[in-house]
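J.: Dropping the structure in here first, questions after.
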Amino acid sequence: MQPEFYSYLKAIGLTEALIERVESIHKFYSDILKIPVEDIFVTDYIEQAGSRRYESLWFFSASFCMEAKNFVIQDNFDIAELPNHVTYCRIEKTEYDFINANDKSRLFIHVNTDRGVTCEFKASKENCDFLRKIFLNRLLVAPAQ
């Protein structure tokens, strides 16, 4: 995995054990697709008790998005071709100006594409800034003509 992936995972609070899990999933996708994985995102939210919960692990290449659902405890993998035309997008944000996140920031993005792909992303705290980047650079881009 790229060094920036490790930096990201540590920035959002993943433990060494979870980082090892991410490495194994990265290897799984890399071995199947035989193409470089270029970006990463982990969906997360804050539970009522205040602890952070990690849900889906996403990887992106130039041609595909890959989701490992409930990656902490399951092997449940999706692969979808990208880029797609976004046909619908819903953005819900709390305490987030879409520029700088804080400890109270929350962001939820739902995207539908013209190929029937539906993606849902959640982020809390500093992870909102990472989700904004994924949304703008990976999802909200027009496919090459």
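J.: Which order do 9, 107 fall in if you start with the one that has the fewest other Cβ atoms within 10 Å?
T.: Working: 9 21, 107 24.
Ordered from fewest to most neighbouring Cβ atoms within 10 Å, 9, 107 come out as 9, 107.
J.: Hey, got a sec? Which GluC sites (Glu not before Pro) in the stretch 81-145 land in a DSSP loop and have at most 15 other Cβ atoms within 10 Å? Walk me through the intermediate numbers first.
T.: Numbers: sites: 81, 92, 95, 120, 126; in loops: 95, 126.
When the GluC sites (Glu not before Pro) of the stretch 81-145 are filtered for loop state and at most 15 Cβ neighbours within 10 Å, 95 remain.
J.: For a footprinting-style exposure proxy, rank 85, 26 by other Cβ within 10 Å, fewest first.
T.: Details: 85 11, 26 19.
Going from sparsest to densest Cβ surroundings: 85, 26.
J.: Using +1 on the beta carbon of Lys and Arg, -1 on that of Asp and Glu, and nothing else charged, what's the dipole of the chain about the Cα centre, debye to 20? Present the calculation step by step, with values, prior to reporting the outcome.
T.: Numbers: 17 positive and 22 negative charges, 45 e Å.
With Lys and Arg at +1 and Asp and Glu at -1, about 220 debye.
J.: Shifting gears a bit: Can you list the lysines whose alpha carbon sits under 17 Å from that of residue 104, skipping same-chain ones fewer than 8 residues off?
T.: Straight-line reach from residue 104, under 17 Å: 93, 122, 125.
J.: Hydropathy first: keep DSSP H helices in the chain averaging at least 0.0 on Kyte-Doolittle, then drop any whose Cα extent along the axis falls short of 18 Å, and list what survives.
T.: Details: long enough: 16-33 (26 Å, 0.08).
Taking the DSSP H segments of the chain (at least 18 Å long, mean hydropathy at least 0.0), we get 16-33.
J.: Quick one: 32, 46, fewest Cβ neighbours within 10 Å first, how do they rank? Write out the running numbers ahead of the final one.
T.: Working: 32 12, 46 15.
Ordered from fewest to most neighbouring Cβ atoms within 10 Å, 32, 46 come out as 32, 46.
J.: What is the chain by shape, rounded, prolate or oblate, if you read a ≥ b ≥ c off the alpha carbon gyration tensor as root eigenvalues and call it rounded for a/c under 1.5, prolate for a/b larger than b/c, and oblate otherwise? Numbers along the way, then the final one.
T.: Numbers: a/c = 1.69, a/b = 1.09, b/c = 1.56.
It is oblate, given that a/c is not under 1.5 and a/b is not larger than b/c.
J.: Any idea what the relative contact order of the chain is, in percent, if you count C-alpha pairs under 8 Å spaced at least 6 apart?
T.: On the way: 248 pairs, mean separation 25.2, N = 145.
Worked out over the chain, it gives 17 percent.
J.: Let me ask something else. Considering the Cα positions of the stretch 47-131, please state its Rg to one decimal place and its Dmax as a whole number of Å.
T.: Computed over the Cα atoms of the stretch 47-131, radius of gyration and Dmax are 13.9, 39 Å.
Coordinate-derived values only; no laboratory data. This one's a predicted model, so the numbers in the text were calculated from it and none came from an experiment. So basically every Cβ, Gly included, is an ideal-geometry build from the backbone, and we count neighbours across all protein chains shown.
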